[in-house]
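Visitor: The structure that follows is given in the form of C-alpha cells.
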Amino acid sequence: MNRLVSLLSAACVIVAAFALPGRVCADGGLRVLMKDADTAAADLQWSEPKAIPAGTRMIMVYGSPAEAGPYIFRVWFPAGYKLPPHRHTDKRQVTVLEGSYWSGAGETFVQERLKRFGPRDHYITEADVPHFAWAETDVLIQEAGIGPIATPIQYVRSEDDPRR
C-alpha cells in the first residue's frame, strides 16, 4: 500500500511539472514562475549577464551550470538584439515564454538560416553545435541543461566574447 501511495504521489508530481507551464520544483513544492518579479526564492535577482553582449537580463531559476545536476535560467532580450554564433558543451532545452525569438545553426550569423519561435515553442540545441539568435520583439526565454559545465558559453569568434 505504501509503495502504491509513493508511486501515485510521484506520478502526480511528474504530471503537474509537465502539464503546468512555468512551474519549477523548489523547496519541496511547486512554484509558479510567470513574470520578471516571480522567482523560485526571494533572494534571486535579475542581473545583466557578463557572458553575453550587453543589453539583456538573466535570472538563475534553479541549480547552477557549475554544479552537478539540472539547472534552469531565464534570459530577457530587447527587440532587435542579436546573439552572435556560439556553442555550449551541454545539450540545452529552450522554451520561448514571451515574444518572437529566432534561432539558427552555423558558425556565421545568417539571417536566412533563422527559424522563428513564439510563446510556448520549444527546441533543443545539441552540445557543441554552433548557433545564433535574434530577438524580433522583446523576448523572454527559458533554458535548461545538466551540469557541471566549465564554460557555459563559447563564442565561435573570440572578438564576440564580452568577457575578453
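Visitor: State all residues of segment 138-163 that are touching a Phe, Trp or Tyr at 6+ places or on another chain (Cβ under 9 Å) and acidic (Asp, Glu); if no residue qualifies, say none.
Guide: ASP138, GLU143, ASP161
Visitor: Name the pairs whose Cβ atoms lie under 6 Å apart, with the first residue in segment 121-134 and more than 16 Å from VAL75 (Cα to Cα), the second part of a loop (DSSP other than H, G, I, E, B) and of a type in the set (S, T, N, Q), and 6 or more positions between them or separate chains?
Guide: ALA127/THR89
Visitor: Under the condition of being more than 19 Å from ASP161 (Cβ to Cβ) and touching a Phe, Trp or Tyr at 6+ places or on another chain (Cβ under 8 Å), which residue from segment 122-137 is surrounded by the most Cβ atoms within 10 Å (Cβ to Cβ)?
Guide: ALA135
Visitor: Of the residues that make up segment 80-95, is at least one in contact with a Ser or Thr (Cβ under 7 Å, 6 or more places away or on another chain), in the same structural domain as THR151 (by TED's automatic domain parsing) and loosely packed, with under 13 Cβ neighbours inside 10 Å?
Guide: No.
The values are calculated or read from the model by the stated rules, or taken from the named source; none is laboratory data. In this text the structure is predicted, and so the values were computed from the model without any measurement. Here the Cβ is made from the backbone with ideal geometry for all residues, glycine too, and neighbour counts use every protein chain on show.
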